[in-house]
Amino acid sequence: MNPQIFTTERLVRFADCDAAGIVFFPRYFEMLNGVVEDWFAGPLQASFREMHVNRQVSVPTAAVEARFIAPSRLEDELTFALTVTKLGRSSCSLRHRISADGSLRFEASQTFVYVGRSLKPEPWPEDLRARMADYLETAE
């Protein structure tokens, strides 16, 4: 069974670019955070407001590794693709791929952890974990 892939698109804005006219590298990390937030609010049915404000839990990033493949420029239409590479008891690792015009521009792996008020890892709620599992890549 193939995993689901969460995809979304975003236009590169003037504020995303540096003086050379390409996406300034920290902006990619802001974009990734937005993609994760959209994934939680959409298919995972657990918006950041619901989690952070109502449940008083959070999902801080514990690790991130990135590879910059080709520059993205002002007004490029970026396509973001997100899959889960590992789903642990209280952590989740993601694969992010950003492309434009059919070519890969940026890729990253990200691990975040589900933590409660104590800021210590807690197990994923079963309903949330089950929805995340739909995006889990499987070894073939």
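Here are the numbers:
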quantity: Matching residues, segment 1-36, being surrounded by 15 or more Cβ atoms within 10 Å (Cβ to Cβ), part of a helix (DSSP H, G or I) and charged (D, E, K, R); calculated: Asp16, Arg27
quantity: Top-ranked residue in segment 84-140 [being part of a strand (DSSP E or B) and over 30 Å from Ile22 (Cα atoms); ranked as nearest to the chain's Cα centre (by Cα)]; calculated: Cys92
quantity: Identity of the residue in segment 89-139, farther than 14 Å from Phe40 by Cα and basic (Lys, Arg), that ends up least open to solvent (accessible area, probe 1.4 Å); calculated: Arg105
quantity: Filter result for Val84 (in contact with a Lys or Arg (Cβ under 9 Å, 6 or more places away or on another chain), open to solvent by less than 10 Å² (accessible area, probe 1.4 Å), β-branched (Val, Ile, Thr) and at pLDDT 95 or above); calculated: yes
quantity: Unique match (being small (Gly, Ala, Ser), under 17 Å from Asp101 (Cβ atoms) and part of a strand (DSSP E or B)) among Ala66, Ala62, Ala81; calculated: Ala81
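The values are calculated or read from the model by the stated rules, or taken from the named source; none is laboratory data. Owing to the predicted nature of the structure, the values given are computational and were not obtained by experimental measurement. Positions of Cβ are generated from backbone atoms using ideal geometry, with glycine treated the same way; all protein chains shown enter the neighbour counts. Heavy atoms of the whole protein, side chains included, go into the accessibility calculation; ligands, DNA and RNA do not. Shrake-Rupley method; radii C 1.70, N 1.55, O 1.52, S 1.80 Å.
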